[in-house]
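Notes follow the structure.
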Amino acid sequence: MNRALAVLGILAVATTACSGSGKAPGVSSGSGPVTIRWSTWGSAEDIKLYEKFTEDFEQRHPDIKLKLEPVAKYEDYHPKLLAQLTSKTAPDVFFVGDDNIGKFVSAGVLTPLNDKLAGPSSKSKPEDFFEGIYGGAKKDGQIYGVPNDTNPEVLWFDKKALKDAGITEDPAALNEAGRWTMATYLDMNAKLKAAGKAGSIFWNWYGSTYSMINGFGGKVWDGGKFVATTDPKARAALQALTKGYQDKTFLSADLLPDSNGPSTQFLKHKAGFYAGGRWVIDSLKKGGELGDYDIVPFPSQTGRPMPGAVAASYLALNKDTKLPEQAFTFLTEFVSKEGQLIRLKDGGAVPSVKGAEQIVLAGGYPAHAQTFLDVRDTGFANYPEEVAVPGLTADINEHLMKVWTGKVGFDEGMTQLQKLVDGKLG
Amino acid sequence: MTVLTRARPRAVHQARPVRNRDGWWAAFFLAPQVAALLVFLAFPLGFAVVLAFMRWDGLGQKEWAGFDNFAAQLSDPEFGLAVWNTVKLALLTVPFGLGLALLIAVALNNVKGGGFYRVLYFLPVVTSSVAVALMWQIILAGNDYGVLNASLERWFGISAPDWLGDPGWVIVAIAVVTIWSSLGLNVVIFLAGLQTIPLQIVEAARMDGADSLRIFRSITLPLLSPTIFFSTVVAVISSFQAFDQIYVLVDPEDNEGAKTIVYQVYELGFKDFQFGMSSAAALILLVLTLLVTLVQFAAQKRLVHYDS
């Protein structure tokens with residue numbers, strides 16, 4: 001009997017030893033300060049931007065230690081987070097991308113934040129953030145994730161490339177005069193193409209595609225239904241993009257080789273427009289003549305401003321955290337005005353909170369930096385209906401790439417796309 | 001008589017504890033393995049089988065789905081493409097990889113002091129698959145920036161395709177990398193097999209006037225057939241399970257030509273949060289692998305010679 005127990009004991013020990021050492025969230029490190037685990041994605045350079053904040057936070061809160069658990073690739077981040085949530089070993093606080101937030105919200109693994117954000121210990125109230133960028137992080141009026149920063153999608157333009165193509169009008173000036181129309185933009189692209197350059201470079205993501213659809217006056221989602229393939233104006237936008245990609249007026253940044261990528265093309269004045277966020281400044285600083293470049297929002301049919309896409313990510317609180325108070329302290333300070341001023345000072349993002357605008361405007365670059373803020377204030381994060389289905393945005397992008405590259409004809413591609421989305425929506 | 005009656009029970013009495021002790025020692029040494037097997041194989045396998053009949057997003061409630069997941073996968077063109085890509089990869093890597101390994105093994109078997117070459121061929125096997133993929137990424141990069149294409153253009157004026165970007169060529173590129181990485185292991189296995197062939201048979205054949213080609217065809221190949229069979233089964237299973245190198249070498253999300261069944265399993269589970277569907281795809285892969293292995297075992301009866 002004793003021997004049997006010994007063998008069972010060994011089995012148990014071996015099983016425990018083999019089952020990994022998954023840490024539960026919010027575990028205190030003895031009698032000293034508690035440790036709040038948090039996670040995000042990003043390169044080593046991105047992660048370095050958090051050092052100052054961490055230093056500052058730990059000085060002000062000697063009872064809390066922050067432990068960052070980063071994942072280098074965005075594509076690998078959510079699978080890991082899902083596995084951690086399923087096994088109850090997820091960090092106390094974590095980033096969630098705008099294409100995944102909806103699923104985590106509906107799965108009920110995030111702490112509702114309305115009361116906490118409105119409470120006395122909050123450093124950031126719900127109304128401090130722009131309504132449009134809550135996207136899928138808000139459901140039935142309840143906030144489940146706070147936008148930690150944003151990146152509004154704008155059109156960077158190269159004054160030299162435009163001049164080389166015989167374009168004399170300045171897009172930013174046209175925008176200020178209320179004459180920045182889709183027709184003008186497409187005409188400029190045609191002239192750039194005729195001059196042997198690319199008109200525009202787009203990344204194949206919802207930010208560019210849906211901004212173009214909005215610019216044409218079309219709808220992507222309406223009443224919970226995906227209408228981009230049936231709404232006449234949205235369809236016209238997708239057709240214009242398809243035509244542009246196929247006659248090389250538009251280039252897909254995804255298809256350019258790393259060694260001769262979109263930034264290189266733009267720096268070499270081989271394209272007139274490059275759709276991107278504030279992060280493009282970093283690329284331009286690496287080898288561009290900064291004065292050659294400026295920004296303009298995506299055009300509209302009438303020339304009046306229209307809502308543009310805003311890339312966002314959210315900071316969420318694990319529902320299973322054992323240290324909800326300390327975890328919330330970190331969350332609210334991270335997304336607060338002061339937190340964003342520290343974090344984003346040297347970064348390429350735009351604050352998501354009201355009152356931290358000086359980060360974007362202080363350097364006076366680009367000349368129309370205010371455009372970032374205008375797009376952020378009126379723009380939209382990915383549609384809640386879309387982000388509620390994991391992988392749907394990626395599938396739509398992947399399918400559209402087949403259309404852009406001519407692997408599927410436009411009409412057939414639209415039919416297949418509608419079928420794909422309907423199938424995913426169930 | 002007394003001696004005999006006393007001796008019998010003693011013998012029985014002595015034998016029992018010895019057997020019991022052996023059993024306990026066996027259990028002691030096997031326990032970690034059995035535990036690991038239960039935790040890492042039996043439980044996940046059983047769980048995956050159950051999940052294949054459920055709808056589950058990894059976080060919420062599980063719902064019974066019956067055979068819906070299987071039906072959805074089997075009628076999904078994406079899954080069909082993944083199966084076709086996997087089969088193409090197997091068709092490229094198994095015959096070419098094993099053929100090349102056999103040729104090298106035969107050559108090394110006849111070279112004195114071939115240890116250096118054995119180490120050389122075996123090096124890729126002990127190199128991390130991620131490091132291998134990153135290295136080949138530099139070699140196979142598209143346009144003039146990849147080492148291979150730049151060399152082909154410069155030395156031969158050949159404008160080569162974008163190996164990793166072109167859906168039509170990417171599987172060939174992956175096959176080349178796979179063959180390169182597994183070559184050393186196959187060479188070592190074949191060498192071991194070659195060294196079991198009795199020299200006197202080869203000598204006898206030579207004395208009878210058989211040339212090297214005839215010896216290879218009539219003696220080496222038949223006597224090596226159990227080794228070839230073993231390597232083929234392992235190689236087919238490995239190519240059906242290909243994932244890590246492909247994931248690093250080319251992100252299959254950007255190039256559908258690189259989507260294999262295991263990638264489809266990963267994508268369905270960890271990107272789309274459809275764990276039931278993902279498990280169904282994994283089970284289909286298991287059945288497919290079993291079928292192919294059964295066919296190989298059936299063919300073994302006619303093609304493999306176990307008598308020397």
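Values quoted throughout were computed directly from the atomic coordinates according to the rules given, and no laboratory measurement underlies them. Every value quoted in this text rests on a predicted model; they were computed, and no experiment measured them. No Cβ is skipped: glycine too gets one built from the backbone with ideal geometry, and neighbour counts run over all protein chains shown.
Over segment B:100-246, the fraction of Cα-Cα pairs per 10 Å bin, rounded to whole percents and listed from the shortest bin up, is 10, 30, 28, 20, 10, 1. A simple charge model with +1 on the Cβ of Lys and Arg, -1 on the Cβ of Asp and Glu and nothing else charged puts the dipole of the protein assembly as shown at about 2740 debye relative to its Cα centre.
Note that the protein assembly as shown shows a convex hull volume over its alpha carbon atoms of 247 Å³ per residue.
Screening chain B for whole DSSP H helices of 24 Å or more along their axis (Cα) with average Kyte-Doolittle hydropathy at least 1.6 returns B:170-194, B:221-240. The ratio of the alpha-carbon radius of gyration of chain B to the globular-protein estimate 2.2 N^0.38 Å is 1.35.
Under a GNM of chain B (C-alpha, springs under 10 Å), which listed residue has the highest mean-square fluctuation: B:Asn20, B:Asn149, B:Asn186? Comparing B:Asn20, B:Asn149, B:Asn186 in a Gaussian network model of chain B, the most mobile one is B:Asn20.
Would you tally the net charge around A:Ala275, using a Cβ to Cβ cut-off of less than 13 Å, leaving A:Ala275 out, and scoring K and R as +1, D and E as -1? That sum, taken over residues with Cβ under 13 Å, equals -2. Panel order for A:Tyr365, A:Tyr206, by other beta carbons found within 10 Å of each beta carbon, from fewest to most: A:Tyr365, A:Tyr206.
Name the residue, out of A:Val280, A:Val360, A:Val105, whose mean-square fluctuation peaks in a Gaussian network model built on chain A with Cα pairs under 10 Å. Of A:Val280, A:Val360, A:Val105, the Gaussian network model singles out A:Val280 as fluctuating most. Ranked for footprinting exposure by Cβ neighbours inside 10 Å, fewest first, B:Ser239, A:Ser211 give B:Ser239, A:Ser211.
Computed about its Cα centre, the charge dipole of segment A:319-402 is approximately 200 debye, with only Lys, Arg, Asp and Glu carrying charge at their Cβ. What residue among A:Asp140, A:Asp98, A:Asp231 shows peak mean-square fluctuation when chain A is described by a Gaussian network model with Cα springs under 10 Å? Highest fluctuation among the options: A:Asp140. Amide H contacts of B:Ala65: B:Met54, B:Arg55, each under 5 Å away and 5 or more positions distant or on a separate chain (H built 1.01 Å from N in the peptide plane; Pro and chain starts excluded).
A Förster distance of 51 Å, applied to the separation of the beta-carbon atoms of B:Phe122 and B:Asn20, puts the FRET efficiency at 0.70. Maximal additional length on extending the A:Ala72-A:Lys48 stretch stands at 7.4 nm, based on 0.36 nm per residue less the C-alpha distance. The alpha carbon gyration tensor of segment B:221-288 gives principal lengths a ≥ b ≥ c with a/c of 1.5 or higher and a/b no greater than b/c, which makes the shape oblate. Placing unit charges on the Cβ atoms only, positive for Lys and Arg and negative for Asp and Glu, gives segment A:245-319 a dipole magnitude near 200 debye about its Cα centre. Within the shell defined by Cβ-Cβ distances under 10 Å, the residues around A:Ile101 carry a net charge of +1, with Lys and Arg each +1 and Asp and Glu each -1. Each of A:Val350, A:Leu392, A:Val296 was placed along the dipole of segment A:275-420 (beta-carbon charges, centred on the mean Cα), and the one lying farthest toward the positive end is A:Val350. Each residue of segment A:109-114 was assigned a 3J(HN,Hα) from its phi angle through the Karplus expression (A = 6.51, B = -1.76, C = 1.60, θ = phi - 60°), giving 9, 10, 6, x, 10, 3 Hz with x at Gly and Pro.
Treating r as the C-beta distance of A:Gln246 and A:Gln301 and R0 as 22 Å, the FRET efficiency rounds to 0.45. The antiparallel fraction among DSSP beta bridges confined to chain A stands at about 65%. Once both labels are positioned 7 Å from their Cα atoms along Cα-to-Cβ, the gap between B:Gln200 and B:Ala131 label points is 4.7 nm. Listing B:Val170, A:Val375 from fewest to most neighbouring C-beta atoms within 10 Å gives B:Val170, A:Val375.
With a cut-off of 15 Å on the backbone N, the residues of segment B:64-86 near the modelled label site 7 Å out from B:Val292 along Cα-Cβ are B:80-86. Using R0 = 25 Å, the C-beta based FRET efficiency linking A:Ala118 and A:Asp63 works out to 0.55.
Just to be sure I understand the rule: take each whole DSSP H helix in chain A, project its Cα atoms onto its long axis, keep it if the span is 15 Å or more and its mean Kyte-Doolittle hydropathy is at least 0.5. Which ones pass?
In chain A, the long hydrophobic H runs are A:2-18.
Summing +1 for each Lys or Arg and -1 for each Asp or Glu, what net charge is found among the other residues whose Cβ lies under 11 Å from the Cβ of B:Phe275? Taking every Cβ under 11 Å from that of B:Phe275, the sum is 0. In chain A, taking the dipole from charged Cβ atoms about the Cα centre, the farthest positive-side position among A:Thr371, A:Thr209, A:Ser122 is held by A:Thr209. Expressed as a fraction of 2.2 N^0.38 Å, the C-alpha radius of gyration for segment A:232-385 is 1.25.
So in the protein assembly as shown, what percent of DSSP beta bridges are antiparallel if you round to the nearest 5?
65 percent
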